[in-house]
Each structure stands twice: as C-alpha cells, then as structure tokens.
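Below is one structure, written out as structure tokens; the observations come after it.
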Amino acid sequence: MKLPMCRLSFRQYLLSLCLLLTLMTKSVITFASSGMLQLTPEEQAWLDHHNTIEVGIMEAWPPMDYVNEFGVPQGIGVEVINLLNKQLGNRLVITPGPWKETYTAVKERRMAALMDITPKESRKPFFNFTPPYITVPHNIFTRKEYADYEKLSDLA
C-alpha cells in the first residue's frame with residue numbers, strides 16, 4: 001500500500017510541528033498542574049515505601065528531553081516530571097543518559113521509570129506502559145530530486 005505523500009517545505013513542517021507541540025504541551029501541563037492525580041491504595045502504599053524514584057530521560061532528544069549547555073535537564077517530558085513531582089512530594093529524580101543505557105537500566109530494574117518510550121509488543125514483558133502524554137510523528141526528509149521514502153527500511 002502506497003502512503004499518500006504530503007509535500008510541505010521544511011519551514012512549513014517545522015512551523016506545523018512547533019504549533020502542534022505547543023498545543024499538546026499546554027494540554028499536558030494544564031492536566032498535570034490541575035491537581036487531578038488520583039492514586040489507588042496500592043499505588044499510595046508503593047509510594048510510601050519509595051522515598052526516591054529514579055526516572056530516566058534521553059540526554060539529547062530536544063524538544064522532548066535533553067540536557068542544556070549548563071547540564072540541566074530540559075524539555076517537554078522534564079516539565080511533565082516536574083509537575084508530577086509537585087504532587088508526589090519531590091520523589092522523582094531525573095537521570096539523563098544515552099537511550100540505550102537508560103532503556104537497559106529500566107529493563108533490568110536498576111531504574112524505576114523511563115520517559116518517552118514507544119510501546120511495542122516486544123517491550124511489554126519488561127515495561128508497564130502508561131497512556132501517552134504526547135504522540136510524536138516520525139518523518140523522513142529528503143531533497144526534492146530524490147525518490148520518495150515511505151518507511152525507514154527504504155533508506156538502507
């Protein structure tokens with residue numbers, strides 16, 4: 001099945017993506033800061049036994065998560081963590097790192113949580129997925145004179 005192609009200039013795409021991320025971020029922040037976090041008795045009991053909860057983020061995936069030039073974690077996911085942290089008594093500790101390292105640390109239960117992981121069947125035995133706070137479209141950009149690429153394997 002051939003996917004429909006949408007020809008946007010890079011500038012048009014970038015502006016559209018920025019607008020989409022801004023709208024989505026405002027929705028997430030409004031929800032997270034509204035104080036609507038409801039915990040089950042089991043969740044509260046688990047929290048009572050965990051004073052700190054290490055949350056891994058990617059160190060270089062802006063605007064989602066990254067470490068700025070001063071070594072401070074930044075990004076949309078970091079803002080979500082910070083808002084949740086206000087409701088959880090500052091238990092969440094952000095730990096930036098390379099994707100493979102943070103992924104492996106959570107998979108091996110050396111770290112409690114990981115931001116911005118895509119749910120996949122192969123990951124379900126190792127991770128408990130929450131509903132996504134944002135969905136990020138993945139796109140392939142090429143010069144106009146190159147063939148259309150519809151999937152990642154086309155780049156091989």
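Is there a pair in K120/K144; K86/K107; K120/K151 whose C-alpha atoms are over 28 Å apart, and which pairs would that be? Pairs exceeding 28 Å: K120/K144. Surface composition of segment 50-140: carbon plus sulfur atoms contribute 53% of the solvent-accessible area (1.4 Å probe, protein chains only, all chains present). Label zone of K120 (point 7 Å out along Cα→Cβ, amide N under 12 Å): in segment 54-68 this covers no residue at all. The distance from the alpha carbon centre of segment 133-149 to that of segment 91-111 is 29 Å, rounded to a whole number. Rolling a 1.4 Å probe across all protein chains gives T135 an accessible area of roughly 100 Å². Using the Cβ-Cβ distance between F70 and K100 with R0 = 22 Å, the FRET efficiency computed as 1/(1 + (r/R0)^6) comes to roughly 0.35.
The values are calculated or read from the model by the stated rules, or taken from the named source; none is laboratory data. Because the structure is predicted, anything quoted here is derived from the model rather than measured. Quick reminder, even Gly has a Cβ in these numbers, built from the backbone with ideal geometry, and neighbours come from all protein chains shown. Side chains are part of the model used for accessible areas, which takes the heavy atoms of the whole protein and leaves out ligands, DNA and RNA. Shrake-Rupley method; radii C 1.70, N 1.55, O 1.52, S 1.80 Å.
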